[in-house]
1. Report whether or not VAL140 is open to solvent by less than 10 Å² (accessible area, probe 1.4 Å), within 12 Å of ASP69 (Cα to Cα) and of a type in the set (Val, Ile, Thr).
2. Could you look through the range 143-158, keep only residues that are open to solvent by less than 40 Å² (accessible area, probe 1.4 Å) and aliphatic (A, V, I, L, M), and pick out the one that is farthest from SER73 (Cα to Cα)?
3. Starting from residues that are open to solvent by 40 Å² or more (accessible area, probe 1.4 Å) and among the β-branched types (Val, Ile, Thr), keep the ones in the range 115-135 and report whichever is modelled with the lowest pLDDT.
4. Report, ordered by the first and then the second residue, all pairs with beta carbons closer than 7 Å, sequence separation of six or more or different chains, a first member in the range 112-127 that is farther than 15 Å from ASP153 by Cβ and part of a strand (DSSP E or B), and a second member that is polar (S, T, N, Q) and open to solvent by less than 40 Å² (accessible area, probe 1.4 Å).
5. Kindly indicate whether any position in the range 358-373 is over 30 Å from HIS259 (Cβ atoms), modelled with pLDDT of 85 or more, under 28 Å from the mean Cα position of the chain (by Cα) and surrounded by fewer than 17 Cβ atoms within 10 Å (Cβ to Cβ).
6. Within the range 321-345, which residues are of a type outside the set (Ser, Thr, Tyr), over 23 Å from PRO103 (Cα atoms) and open to solvent by 50 Å² or more (accessible area, probe 1.4 Å)?
7. Are there any pairs, at least 6 apart or on different chains, whose C-beta atoms fall under 9 Å, with the first in the range 302-320 and open to solvent by 20 Å² or more (accessible area, probe 1.4 Å) and at pLDDT below 85 and the second basic (Lys, Arg) and outside any loop (DSSP other than H, G, I, E, B), and if so, which?
8. Is there a residue in the range 159-182 that is free of Cβ contacts under 8 Å to residues at least 60 places away in the same chain, buried (at least 16 other Cβ atoms within 10 Å of the Cβ) and not in a loop (DSSP other than H, G, I, E, B)?
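The values are calculated or read from the model by the stated rules, or taken from the named source; none is laboratory data. Remember, predicted model here, so these are calculated numbers, not experimental data. Methodologically, a virtual Cβ is constructed for each residue, glycine included, from the backbone with ideal geometry; neighbour enumeration extends over all protein chains shown. Accessible surface areas use protein heavy atoms only, side chains included; no ligands, DNA or RNA. Shrake-Rupley method; radii C 1.70, N 1.55, O 1.52, S 1.80 Å.
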Amino acid sequence: MADDDRDDQKEYRWETGYEKTWEAIKDDEDGLLDGAIADIIQKAKRQRQAQKTKQNRLGMMRHLFLILDCSESMSVPDLKPTRLRCTLKLLDQFIEEFFDQNPISQMGIIALKAKRAEKITELTGTSRVHLKALESLANVPLTSEPSLQNGLDLALKTLKVVPSHASREIVIVMGSLTTCDPVDINLTIDELKKEGIRCSVISLSAEIHVARYLTQQTRGTFGAVLDDAHFRDQLMSQVDPPPAAKTQHNSLIRMGFPHTKNEVEGKDAPLSMCMCHIENLEEPSELCTTGHHCPQCNSKYCELPVECQSCGLTLVSAPHLARSYHHLFPVPNFEEIPFESLPKASERTTECYACMKLFGPLADKTVFKCGFCKQLFCLDCDIFIHDTLHACVGCNTIPGVDGLVYQQSSKTVADDVHAGTSKQRGQFSI
């Protein structure tokens, strides 16, 4: 019995977290640890990329509410300097990355303060508004405990009126182990499930049953962070668009491509005020000649994308749509090749095709090979191609390589059209 009790006690994470961690690091033939450390770094960088899978339907136009816990538990210094400070710093990076990868999406922020929920920013596609709002949360007093239900209800009221073709999501950063709710929170969870709103939770303390149940019912994700690096990975996993919900309908969306008026009838454009700042008291609109004009009602805006306040038309630019397109056709994962199996005859096989870095046995235990252009890449270039560039360098620079997905799809369509045309000619030929 005593041995069984000891075995049960060893199952606790805070007792077994740092036991025998040295076994994961083994020295090489020269007695160095550089190779083992490089291998651990490679596995950590490839973990997020390996989880990406090609989806047939994705929620491209995302409407996401970020619910942030601002209770007393966020003052705990286990994440340096405090949970709140660390969260705000990582949220700055998350917001910039979110709008860079999802330029036609919108985000709003809700803070949980003293058992109440307060909407910090409305749904908008401007990252500058959210970054400025996060600065004001740095000095907020952290008291009492949060109310998860009030935050979900506040987000639900806004997301209910969002069109059905858009992806509706809620991401919750929870630091407290408790929630003080006015009524049964299961009613709110059932309503979220009925509306098809996807909820994900990132816990800064431990796993919470109600949070886990919320994510299971709404097909979201749940994660409990280990440290600030793991916290960042959990946040960045919410950047990519999720699979489209069953309640999400397909429909054509009207979008406008605004134009600029530099000259009107040979004269300089007249001075005018932009609609996005005309009611903003903190940053009032100024008279200027530059801006983006709505093609439907001719209202002017200073930045894109935005929804026209006059006619409701979604205003975007062509690069915004192009940057959203790569989520549907991601670059296929490269083949992993051990460094020892590389041929030594040619110098081209010992350097990265993208950055021209020479491969080394310690820093590059594994190199990556594109299945189309057959070029080799280092780990950093592999991560950059899949996470940022979204296009293979070799397939884009080597003539005659059809490695791009849109080239393959257009080629298939062209072949089908050509085959259909030839068949019709054969039927009508005499």
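1. Working: open to solvent by less than 10 Å² (accessible area, probe 1.4 Å): no; within 12 Å of ASP69 (Cα to Cα): yes; of a type in the set (Val, Ile, Thr): yes.
No: the conditions fail for VAL140.
2. Across the range 143-158, the extreme among qualifying residues is LEU156.
3. Taking the range 115-135 as the starting set, the residues that turn out to be open to solvent by 40 Å² or more (accessible area, probe 1.4 Å) are 115-116, 118-120, 122, 128-129, 132, 135.
Still in the list and also among the β-branched types (Val, Ile, Thr): 120, 129.
Working: ILE120: 95, VAL129: 89.
Checked the range 115-135; the qualifying residue modelled with the lowest pLDDT is VAL129.
4. LEU123/THR158
5. Checked against the condition, which is being over 30 Å from HIS259 (Cβ atoms), modelled with pLDDT of 85 or more, under 28 Å from the mean Cα position of the chain (by Cα) and surrounded by fewer than 17 Cβ atoms within 10 Å (Cβ to Cβ), the range 358-373 yields at least one hit.
6. In the first step, residues of the range 321-345 are kept if they are of a type outside the set (Ser, Thr, Tyr); the result is 321-323, 326-340, 342-345.
Cutting the leftovers down to over 23 Å from PRO103 (Cα atoms) gives us 333-340, 342-345.
If the condition is that a residue be of a type outside the set (Ser, Thr, Tyr), over 23 Å from PRO103 (Cα atoms) and open to solvent by 50 Å² or more (accessible area, probe 1.4 Å), then ASN333, GLU335, GLU336, PRO338, GLU340, PRO343, LYS344, ALA345 are the ones that fit.
7. GLU303/ARG128
8. No, that holds for no residue.
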